[in-house]
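Student: Below are the structure tokens for one structure; questions will follow.
The values are calculated or read from the model by the stated rules, or taken from the named source; none is laboratory data. Being a predicted model, the structure only gives us computed values, none of them experimental. Virtual Cβ from ideal backbone geometry, glycine too; neighbours counted across all protein chains shown. SASA here: full protein model, heavy atoms, side chains in, ligands and nucleic acids out. Shrake-Rupley method; radii C 1.70, N 1.55, O 1.52, S 1.80 Å.
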Amino acid sequence: MIRDIIAKKRDGKVLTSEEIGFFTRGYADGFIPDYQAAALLMAMYINGLNDEETGYLTEHMVRSGSTVNLSGIKGVKVDKHSTGGVGDKTTLVVAPIAAASGVYVPKMSGRGLGHTGGTIDKLESIPGFKTSLTQEEFIKVVKTVGFSIIGQTENIAVADKKIYALRDVTATVDSIPLIASSIMSKKLASGCDCIVLDVKLGSGAFMTDIKNALKLAKTMISIGENAGKRTVCLVTDMDVPLGNHIGNALEVMEAIETLKGNGPKDFTELCIHISGAMIYAAGKADNFDSAREAARKSLESGIALKRFRDFIYMQGGDPRVTEDYSLLPAAKKYRDVLSDGEGFIRRMDCKKIGVASMELGAGRKDLSDTIQLGAGIRLNKKTGDFVNKGEVLAVLYSDDEEKLDKGEALLKESIRFGSEPLPKRSILIAAVDAEKTEMFSYPE
Ligand code: URA
């Protein structure tokens, strides 16, 4: 049977819901071996899946695990997901902002892998903080503070977990229907009413051209809306690292500074756009503009910061970290990276900077690797800035001198100089929902 399904997709035919369900069940239960699953995934990658097949794949992956029951929380619950970036600490800021604006955010997050970081690792740099709670504890924190962030439970979208790991080693990750169904299966199982998706576009992201980013956005919106969840998607710039800090404890510091109103402009603006989209999706504002105004007020009033402190306290962490960064883990060594070139920074290869951070010890090559929570990069200069020869481009943090050497080489390789300044561009490229696509700025 599985051989026939592989042959059908190989020949470019359309699979039925039963056939797709046979595959997801069989693979999750171990009856279908890796080599047949890999062949089918490659056929899907090459010949694509139409909207119906993508919907069936998502549905079957949701059914392969359990769905979180959030009915104990009375109010609109919004989930948020980013397709992954470098320096992306957005969840730490948007969840408290949305919560302070009357939206419930019960959020499950993952760990970092490769050049991208994960929210759970960042939170674990807060002394005492628990990222694993029982369902009752999770709901209690959401009801009290308005949001909670915990590690993704093992039994969510079980088939996706296995399929995603296989895609990772069979060069079948960057397929729009496979990415859309993988992400949406986890979001639909999370039990929220609305979903806000941040599709990253640029050198640090899966999507490197606007056409594909919009296609991914629309595919995920159609899956979400068909499942009865209001789904809003922002396409945002990931051609420059987000903010100035990359690495777990360093990103927690930057998130707290942002909640205090002292964050870098690009990152603060992104947080307003995303938390605005969450408020808008939840129906707490008439339009995206007034939702963003509400988000800005929650940030500027300090209410979001207070929610963040309460959240740390309720999940067992030490809320004094919001005032005293010396309580966070720090690397044993640091190094200033001095510029060999001079001129305007024309380009920063985000992926390479993410790899530099991983090599410094902040990330993992393999899920079983241990990380250094204090390791990472503090960028002094970013794309568009003018740099003199010998000026400090960045400060690198690690426990290990050899890692500093690798990090320095990668960081320097990631930067291209030019003599002309670059036009300024907005971090928000497009906002998409079921009705319309609004374009804000076009990347070059
Ligand atoms: N993130 C996921 O969860 N799945 C993908 O396929 C790609 C990114």
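Student: Anything in the range 51-90 that is at pLDDT 95 or above, within 16 Å of the ligand (Cβ to nearest atom), among the β-branched types (Val, Ile, Thr) and touching a strand residue (DSSP E or B) at 6+ places or on another chain (Cβ under 9 Å)? List them, or say none.
Tutor: Scanning the range 51-90 gives a single hit, Thr90.
Student: Also, I was wondering about something else. Restricting to the range 173-196, what's the tally of residues that are near the ligand (Cβ under 9 Å from one of its atoms) and not hydrophobic (A, V, I, L, M, F, W, C)?
Tutor: 6
Student: Among the helices (runs of 4 or more DSSP H) contained in the range 1-118, which hold 1 or more residues that are touching a Phe, Trp or Tyr at 6+ places or on another chain (Cβ under 7 Å)?
Tutor: It comes to 2-10, 17-28, 34-47, 90-100.
Student: Here is a follow-up. Give the residue, chosen from Lys143, Lys130, that is under 30 Å from Gly316 (Cα atoms), more than 13 Å from the ligand (Cβ to nearest atom), open to solvent by 10 Å² or more (accessible area, probe 1.4 Å) and assigned to a loop (DSSP other than H, G, I, E, B).
Tutor: So the residue among Lys143, Lys130 that is under 30 Å from Gly316 (Cα atoms), more than 13 Å from the ligand (Cβ to nearest atom), open to solvent by 10 Å² or more (accessible area, probe 1.4 Å) and assigned to a loop (DSSP other than H, G, I, E, B) is Lys130.
Student: Given the structure, is Gly374 surrounded by 15 or more Cβ atoms within 10 Å (Cβ to Cβ), out of contact with any Asp or Glu (no Cβ under 6 Å at 6 or more places or on another chain) and over 16 Å from Ile120 (Cα atoms)? Break it down into steps so the answer makes sense when it comes.
Tutor: Working: surrounded by 15 or more Cβ atoms within 10 Å (Cβ to Cβ): yes; out of contact with any Asp or Glu (no Cβ under 6 Å at 6 or more places or on another chain): yes; over 16 Å from Ile120 (Cα atoms): no.
Considered against the rule, which asks whether it is surrounded by 15 or more Cβ atoms within 10 Å (Cβ to Cβ), out of contact with any Asp or Glu (no Cβ under 6 Å at 6 or more places or on another chain) and over 16 Å from Ile120 (Cα atoms), Gly374 comes out as no.
Student: Here's another thing I want to ask about it. Show the residue pairs meeting these rules: Cβ distance below 8 Å; 6+ apart or different chains; first residue within the range 158-183 and in contact (Cβ under 8 Å) with a residue 60 or more places away in the chain; second residue within 9 Å of the ligand (Cβ to nearest atom) and open to solvent by 60 Å² or more (accessible area, probe 1.4 Å).
Tutor: Ile179/Phe206; Ser182/Tyr164
Student: Here is a follow-up. Take the residues of the range 146-164 that are within 12 Å of the ligand (Cβ to nearest atom) and in contact with a strand residue (DSSP E or B) (Cβ under 8 Å, 6 or more places away or on another chain): which is most open to solvent (accessible area, probe 1.4 Å)?
Tutor: Gln152
Student: Related question: Considering only residues that are open to solvent by less than 20 Å² (accessible area, probe 1.4 Å) and among the acidic types (Asp, Glu), which ones fall in the range 224-273?
Tutor: Asp237, Glu251, Glu254
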